[in-house]
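I have placed the structure first, in the form of structure tokens, so that the comments after it can refer back to it.
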Amino acid sequence: MKAINIINFKLRSLATTLLLSLALALFGNATQVLAHGGEDHGDEKPKTTTTKAGTISRTARLGDFEIMLKHSPLEPDAAATARLFITRFATNEPVSDANPAIEIESASSMVTEIPVEKTDAVGGYIARIPALPEGTYTVRTRATAGGKTNTATFSGVKILHQEAAAETGSSWTQTALMVMLFLVALVLFGGLAYFALRVFKNKPLGEETVSA
């Protein structure tokens with residue numbers, strides 16, 4: 001009987017440890033998801049990051065080049081200025097003869113050319129984004145050098161009022177937290193049910209006497 005009780009105690013301890021580890025893993029993953037504003041797909045694919053100050057950086061590799069397009073959040077019906085930087089991917093050396101071009105396409109396939117001006121800084125350019133309606137757009141950036149043209153495509157570029165964007169982000173955060181809490185509650189319930197089943201199956205006979 002003592003051996004059975006020891007085994008039950010070890011099983012309960014192991015199950016408790018597993019449940020706590022699972023709960024910590026769930027909360028840890030939720031924190032990481034909520035903390036990262038951009039998604040990194042590797043050097044070969046475009047990626048987007050947002051700083052705490054709200055500056056959005058879109059980077060992509062174009063052959064031997066790497067381009068970075070930086071701008072503030074885009075508001076509907078308001079012109080904006082973006083900065084474009086082109087460097088060599090291997091050395092991060094600024095490129096002065098990349099001849100960049102930028103266009104933005106709406107969901108209705110309307111394409112708008114974005115004027116690009118060279119700055120005094122090598123590899124640096126200014127892009128003048130005109131006032132555009134609210135919506136989701138695709139931005140294409142081309143760089144031409146040595147007779148070869150490469151294009152980077154940034155999809156899902158949103159132009160919307162920042163109040164609406166903040167509300168959307170807050171709603172998503174609340175939904176994610178609710179889902180995580182539900183999963184944790186489900187795991188804990190399953191653990192309690194497991195404990196109850198183990199105790200029931202291994203309940204000692206106590207002082208009862210078995211007669212033939």
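I'd like the residue in segment 48-71 that is β-branched (Val, Ile, Thr) and assigned to a strand (DSSP E or B) and, out of all such residues, is surrounded by the most Cβ atoms within 10 Å (Cβ to Cβ).
Applying the first criterion (β-branched (Val, Ile, Thr)) to segment 48-71 yields 48-51, 55-56, 59, 67.
Then keep just the ones that are assigned to a strand (DSSP E or B); that gives 48-50, 56, 59, 67.
Values: Thr48: 19, Thr49: 15, Thr50: 13, Ile56: 20, Thr59: 19, Ile67: 26.
For segment 48-71, the residue satisfying everything is Ile67.
May I ask you to verify whether Ser57 is out of contact with any strand residue (DSSP E or B) (no Cβ under 9 Å at 6 or more places or on another chain) and closer than 30 Å to His161 by Cβ? Before you say what the answer is, go through the steps one by one.
Working: out of contact with any strand residue (DSSP E or B) (no Cβ under 9 Å at 6 or more places or on another chain): no; closer than 30 Å to His161 by Cβ: yes.
Criteria not met by Ser57.
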Taking segment 135-151, which residues are under 22 Å from the mean Cα position of the chain (by Cα) and free of Cβ contacts under 8 Å to residues at least 12 places away in the same chain? none
When you scan segment 103-208 for strands (runs of 3 or more DSSP E) that lie fully inside it, which ones turn up with 1 or more residues that are modelled with pLDDT under 85? 135-145, 148-159
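The values are calculated or read from the model by the stated rules, or taken from the named source; none is laboratory data. Keep in mind it's a predicted model, so treat the numbers as computed, not measured. Using ideal geometry, Cβ is built from the backbone for each residue, glycine included, and neighbour counts are taken over all protein chains shown.
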